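The values are calculated or read from the model by the stated rules, or taken from the named source; none is laboratory data. Because the structure is a prediction, the values reported are computed rather than measured. No Cβ is skipped: glycine too gets one built from the backbone with ideal geometry, and neighbour counts run over all protein chains shown.
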Amino acid sequence: MSYVFLGALALLAILAIYQFLRGVDRGLLMTGLRWLVVGVAGLAAAFMIFARRIDIALILGATAISVWRTGRLGPFSFDGPPEGNISKVQSRYLAMELDHDTGAVEGRVLSGPFAGADLMDLGENETRALIAEIEADPDSLHLLESWLDANRAGWREYFAETQRDNQHGERAAASDPLAEAYEVLGLKPGASDEAIRAAHRELMKAVHPDHGGSSYLAAKINQARDLLLSQ
């Protein structure tokens, strides 16, 4: 029973140490481990000298000196994983990181309405708004386009296509007097005569020239009403 109790205590101690180490900064943890290895190897080398095992003492001493000077024990590095393959660049609006090993590109907005946002969290409309905001800064625009090329394949073609569709819709509405009339009154096609008159009255309250409104807008609203009621 005592062995089971001691084993449980050992397991709890290991779990406690593990949880503690998880919360410690990795750089600080690796530095502490490095000096621990140096100290243990140095003490072991001293002990071997007193035990007259000079050969082992030399090996342990060389190990301690090597870890102290280089921060490595064979292939293991006490400095943590290398960051040499990650490039960081920053512009007025954006900060980017490129991992050359994986090709992953991460981006973050530094200033403006989207400051602090991860580019991955921005939707289509937000991305369009960001492009419009930074287009006067070539460096930021180039960084954003590079990020979009890496993370939003085909974005150029999609944006261009939707822009053409929107322009086509605007031209179609402008070339259709009825569609334009409905748009002026804020109505959907097929609205009843009563709805047309009600919309006309409400709009005229705000734009009538006698109340300081616009003569041009009043004329457009009257034309739209007359056109729709004549159908």
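Against the test of being part of a helix (DSSP H, G or I), surrounded by 10 or more Cβ atoms within 10 Å (Cβ to Cβ) and at pLDDT below 70, the options Leu36, Leu60, Leu15 yield a single qualifying residue, Leu15. Out of Asp101, Asp55, Asp79, one residue alone is at pLDDT 75 or above and among the charged types (D, E, K, R). It is Asp55.
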